[in-house]
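A.B. asks: Below are the structure tokens for one structure; questions will follow.
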Amino acid sequence: MFSVNVLVSCRKSQNKKDSQKTFTFYSSDLTSYTPWTDLTAKELTKLSGVFLETQYSQGGDELSVMIANDSYPDLIYAKSDLARLIEAGAVIPLDDYIEKYGDNMKKLYGDQIKKLKYSSEDPHIYSMGTFDIKNRVLETSGNIQLQHAVLKELGYPRINTLDDLENALIAYKSKYPYMEGHPTIGFSLLCDDWFWYIGLSNPGGYLIGHPDDGQWFVEQETLKATYKFLDPEMPVFYKWLNKIYHEGLLDIESFTQKEDLYQNKLKGGYVLATSYPHWGLMDMRSSLASNDKANLTFAYLPVTAGPQYKDQALKDYGFSGGWGIAISKSCKDPEAAFRFLDFMCSEKAQVILNWGVEGVTFGYDSNGKRISLPNIPENNGIGIWTYPFPQAGKGAMDSTGNPIVQSTEENIKKNYLRVEKETLRAYGAEMWTDLFPSSEELGPSRHGQVWQYNLSSESQGKVSRIDEFVKQSLIKMILGPESAFDTAWHEMTLGIRSRDIESVTQELNSLIQKKMDLWNN
């Protein structure tokens, strides 16, 4: 099996006591070996009596291998491929375990536990859901990120639209054609492998005022879904990319570069702007700041295609259920495995996941406020295991009145770089979120997020093939003649329809309706 080498390395490097239960845990989001040996993991093992032998994705279709061999790790996080495992009978229903042993789980999820049910036809719960149960959006990278140095040089203009951004890039690049010993790059994207979804696909929807539903738009009145590249307004971002490519502003390696090259360019400080999630920019931010080049880090801006659109960065999606950790039929002790997952729902575990070990990495001040301690040991594991395990969320408070997570307004402001505070002051703001339409203004999502829904494996296969066709089509039209763009877009939409997107859309619309019926009942 694919996991032999991984399991051997785990057994050689992860010591465990005979009294401990050991479970194998596969996560499709782990791409390298991450041992369950850090300070946080050891504390969780100490309290739960469970040790995890971690397995990671090695770039192949491991789930197909598991299904073909009918042999599985004890615990599996398969993201949207949970549907494949359920169809194969590979994972077990958790309902009886929840009823008997799920006190922590029931307390954590409350009335949101119904959203973990698989479908109206099969209303069992198969996974312990991940993602915030009680969310509060306190951080965002916006739609577009632009260097602080550019904003300061130009007198902190309002960058609200793609035209504003383009004008700023032209003005700064013409004045500084070289930066840090390299030709200045106006705008760079990462489109390699699955990164194209976040670097090329997602911005196209965000910039015309749509929230994050993956490859779909969902009309909130009717709850009808549309494959987003069939929306008549969708070409705007890609036509703009085509335009700035011919102006020499778009990085010519945007569609060929690997992640390491892209990140090295950002860390080099000569990329003026990009579109990428907050979590993917932290290494760049730390690297430039530690080298006294914080002015070359990015400001997070609410850019849209025009003033008629509202940036949806602070959208409150609620809890969608869907993805989560399942227990496989190969697990020899499913009761103990469930008890471990239930423990991970406990307040004690949630605090450890987010703060580490009391007295070592965190403590309390004289007012009972939880605080991080100085001189935190390396390999502390703080935050590493919050995902994909159950997450109380940024809006959750514990029984002492302290927030479960460390990402509070106070801590976020405290950790801003000096240049970030300077830019925010110039725009009359204290936090990046102050620049965006508020969650209250945008209103909650009725359906959650459909990228967390479990389409059938057949439909997932169709969407994957259509997505690949769209990716290649977009690249060709962005790099093609401006005069040919509209024709190329029309041909792409015909190609999408010819690949039977309609049957997937019908399935998704049915799934949305059934989810609403399930949640409302």
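A.B. asks: Please determine whether any residue of the stretch 430-437 is out of contact with any Pro (no Cβ under 6 Å at 6 or more places or on another chain), without any contact (Cβ under 8 Å) to a residue 40 or more places away in the chain, part of a loop (DSSP other than H, G, I, E, B) and farther than 22 Å from residue 323 by Cβ.
C.D. replies: Yes, the stretch 430-437 contains a residue that is out of contact with any Pro (no Cβ under 6 Å at 6 or more places or on another chain), without any contact (Cβ under 8 Å) to a residue 40 or more places away in the chain, part of a loop (DSSP other than H, G, I, E, B) and farther than 22 Å from residue 323 by Cβ.
A.B. asks: Looking at the stretch 194-209, I want the residues that are farther than 19 Å from residue 301 by Cβ and have a partner that is open to solvent by 10 Å² or more (accessible area, probe 1.4 Å) and part of a loop (DSSP other than H, G, I, E, B) with Cβ atoms under 7 Å, at least 6 apart or on another chain. Which pairs are those?
C.D. replies: 201/215
A.B. asks: Which members of the stretch 439-471 meet the condition of being touching a Gly at 6+ places or on another chain (Cβ under 7 Å) and open to solvent by 40 Å² or more (accessible area, probe 1.4 Å)?
C.D. replies: 444, 451, 469
A.B. asks: Follow-up. Suppose we keep only residues that are of a type in the set (Ser, Thr, Tyr) and open to solvent by 60 Å² or more (accessible area, probe 1.4 Å) within the stretch 358-371. Which one would you say is nearest to residue 406 (Cα to Cα)?
C.D. replies: Going residue by residue through the stretch 358-371, those that are of a type in the set (Ser, Thr, Tyr) are 361, 364, 366.
Next cut, open to solvent by 60 Å² or more (accessible area, probe 1.4 Å) only: 364, 366.
Values: 364: 13, 366: 18 Å.
By that ranking, first place goes to 364.
A.B. asks: Any residue in the stretch 395-402 that is more than 30 Å from residue 156 (Cα to Cα), hydrophobic (A, V, I, L, M, F, W, C), surrounded by 14 or more Cβ atoms within 10 Å (Cβ to Cβ) and within 19 Å of the chain's Cα centre (by Cα)?
C.D. replies: Filtering the stretch 395-402 down to residues more than 30 Å from residue 156 (Cα to Cα) leaves 395-402.
Retained after the next criterion (residues that are hydrophobic (A, V, I, L, M, F, W, C)): 396-397.
Within this subset, residues satisfying the condition of being surrounded by 14 or more Cβ atoms within 10 Å (Cβ to Cβ) are 396.
Subset that is within 19 Å of the chain's Cα centre (by Cα): none.
The answer is no; no qualifying residue exists.
A.B. asks: For residue 519, state whether it is modelled with pLDDT under 95, of a type in the set (Phe, Trp, Tyr), open to solvent by 40 Å² or more (accessible area, probe 1.4 Å) and under 30 Å from residue 388 (Cα atoms). Walk me through how you get there before you give the answer.
C.D. replies: Working: modelled with pLDDT under 95: yes; of a type in the set (Phe, Trp, Tyr): yes; open to solvent by 40 Å² or more (accessible area, probe 1.4 Å): no; under 30 Å from residue 388 (Cα atoms): yes.
Taking the combined requirement at face value, the residue does not satisfy it.
A.B. asks: Filter the stretch 196-237 down to the residues that are farther than 18 Å from residue 453 by Cα, open to solvent by 30 Å² or more (accessible area, probe 1.4 Å) and aromatic (Phe, Trp, Tyr) and list them by number.
C.D. replies: Scanning the stretch 196-237 gives a single hit, 206.
A.B. asks: Quick one: would you say residue 374 is surrounded by fewer than 16 Cβ atoms within 10 Å (Cβ to Cβ), free of Cβ contacts under 8 Å to residues at least 40 places away in the same chain and assigned to a loop (DSSP other than H, G, I, E, B)?
C.D. replies: Numbers: surrounded by fewer than 16 Cβ atoms within 10 Å (Cβ to Cβ): yes; free of Cβ contacts under 8 Å to residues at least 40 places away in the same chain: yes; assigned to a loop (DSSP other than H, G, I, E, B): yes.
Criteria met by residue 374.
A.B. asks: What are the pairs, 6+ residues apart or on separate chains, where a residue within the stretch 404-426 that is farther than 27 Å from residue 344 by Cβ has its Cβ under 7 Å from a residue that is open to solvent by 30 Å² or more (accessible area, probe 1.4 Å) and not in a loop (DSSP other than H, G, I, E, B)?
C.D. replies: 417/289; 419/295
A.B. asks: Further, regarding this structure: Looking at this structure, is residue 261 part of a helix (DSSP H, G or I), out of contact with any helix residue (DSSP H, G or I) (no Cβ under 7 Å at 6 or more places or on another chain) and open to solvent by less than 30 Å² (accessible area, probe 1.4 Å)? Lay out the reasoning, then the answer.
C.D. replies: On the way: part of a helix (DSSP H, G or I): yes; out of contact with any helix residue (DSSP H, G or I) (no Cβ under 7 Å at 6 or more places or on another chain): yes; open to solvent by less than 30 Å² (accessible area, probe 1.4 Å): no.
Here the answer is no, as residue 261 does not meet what is asked.
A.B. asks: Also, quick follow-up: Tell me which of these residue 284 doesn't satisfy, since it passes every other one: (1) assigned to a loop (DSSP other than H, G, I, E, B); (2) over 30 Å from residue 516 (Cβ atoms).
C.D. replies: So residue 284 meets the others, but not (1).
A.B. asks: OK, next. Look through 199, 248, 186 and report the one residue that is part of a loop (DSSP other than H, G, I, E, B), over 26 Å from residue 441 (Cα atoms) and not acidic (Asp, Glu).
C.D. replies: Details: 199 fails: part of a loop (DSSP other than H, G, I, E, B); 186 fails: part of a loop (DSSP other than H, G, I, E, B).
Testing whether each residue is part of a loop (DSSP other than H, G, I, E, B), over 26 Å from residue 441 (Cα atoms) and not acidic (Asp, Glu) leaves just 248.
A.B. asks: When only residues in the stretch 490-508 that are of a type outside the set (Ser, Thr, Tyr) and buried (at least 18 other Cβ atoms within 10 Å of the Cβ) count, which is nearest to the chain's Cα centre (by Cα)? Spell out the reasoning first.
C.D. replies: Within the stretch 490-508, the subset of a type outside the set (Ser, Thr, Tyr) is 490-492, 494-497, 499-502, 504, 506-508.
Applying the additional criterion that residues be buried (at least 18 other Cβ atoms within 10 Å of the Cβ) yields 492, 496, 501, 504, 508.
Working: 492: 27, 496: 26, 501: 25, 504: 23, 508: 21 Å.
Within the stretch 490-508, the match that is nearest to the chain's Cα centre (by Cα) is 508.
A.B. asks: Checking the structure you have, find out if any residue of the stretch 37-53 is open to solvent by 50 Å² or more (accessible area, probe 1.4 Å) and either part of a loop (DSSP other than H, G, I, E, B) or not charged (D, E, K, R) (or both).
C.D. replies: To start, the set of residues in the stretch 37-53 that are open to solvent by 50 Å² or more (accessible area, probe 1.4 Å) comprises 39, 42, 46-47.
After this cut, where a residue has to be either part of a loop (DSSP other than H, G, I, E, B) or not charged (D, E, K, R) (or both) as well, the list is 39, 47.
Scanning the stretch 37-53 turns up at least one residue that is open to solvent by 50 Å² or more (accessible area, probe 1.4 Å) and either part of a loop (DSSP other than H, G, I, E, B) or not charged (D, E, K, R) (or both).
A.B. asks: Shifting gears a bit: Within the stretch 142-157, work out how many residues are surrounded by fewer than 20 Cβ atoms within 10 Å (Cβ to Cβ) and either in contact (Cβ under 8 Å) with a residue 60 or more places away in the chain or among the hydroxyl-bearing types (Ser, Thr, Tyr) (or both). So that I can check it myself, show each step before the final result.
C.D. replies: The first filter runs over the stretch 142-157 and keeps only residues surrounded by fewer than 20 Cβ atoms within 10 Å (Cβ to Cβ), leaving 152-157.
In the following step, the residues that additionally are either in contact (Cβ under 8 Å) with a residue 60 or more places away in the chain or among the hydroxyl-bearing types (Ser, Thr, Tyr) (or both) were identified as 152, 156.
Counting residues in the stretch 142-157 that are surrounded by fewer than 20 Cβ atoms within 10 Å (Cβ to Cβ) and either in contact (Cβ under 8 Å) with a residue 60 or more places away in the chain or among the hydroxyl-bearing types (Ser, Thr, Tyr) (or both) gives 2.
A.B. asks: Mind telling me which of the residues 256, 222 ends up being closer than 27 Å to residue 486 by Cβ, part of a loop (DSSP other than H, G, I, E, B) and β-branched (Val, Ile, Thr)?
C.D. replies: On the way: 222 fails: closer than 27 Å to residue 486 by Cβ.
Being closer than 27 Å to residue 486 by Cβ, part of a loop (DSSP other than H, G, I, E, B) and β-branched (Val, Ile, Thr) holds for just one of 256, 222, which is 256.
A.B. asks: Related question: Check off (1) in a loop (DSSP other than H, G, I, E, B); (2) without any contact (Cβ under 8 Å) to a residue 24 or more places away in the chain; (3) buried (at least 16 other Cβ atoms within 10 Å of the Cβ) for residue 386 and give me the number that stays unchecked.
C.D. replies: The failed condition is (2).
A.B. asks: Shifting gears a bit: So, restricting to helices (runs of 4 or more DSSP H) that lie completely within the stretch 57-123, which ones have at least 3 residues that are surrounded by 19 or more Cβ atoms within 10 Å (Cβ to Cβ)?
C.D. replies: On the way: elements: 62-69, 82-87, 95-101, 103-109.
In the stretch 57-123, 62-69, 82-87, 103-109 are the helices (runs of 4 or more DSSP H) which contain 3 or more residues that are surrounded by 19 or more Cβ atoms within 10 Å (Cβ to Cβ).
A.B. asks: Run residue 313 past the list (1) open to solvent by 30 Å² or more (accessible area, probe 1.4 Å); (2) under 27 Å from residue 427 (Cα atoms); (3) in contact with a helix residue (DSSP H, G or I) (Cβ under 8 Å, 6 or more places away or on another chain); (4) assigned to a helix (DSSP H, G or I) and report the number of the one that doesn't hold.
C.D. replies: Single failed check for residue 313: (4).
The values are calculated or read from the model by the stated rules, or taken from the named source; none is laboratory data. Remember, it's a predicted structure, so these values are computed and weren't measured experimentally. All Cβ positions, even for glycine, are placed from backbone atoms using ideal geometry, and neighbour counts span all protein chains on display. Note: accessible area is taken over every heavy atom of the protein model, side chains too, but ligands, DNA and RNA are not part of it. Shrake-Rupley method; radii C 1.70, N 1.55, O 1.52, S 1.80 Å.
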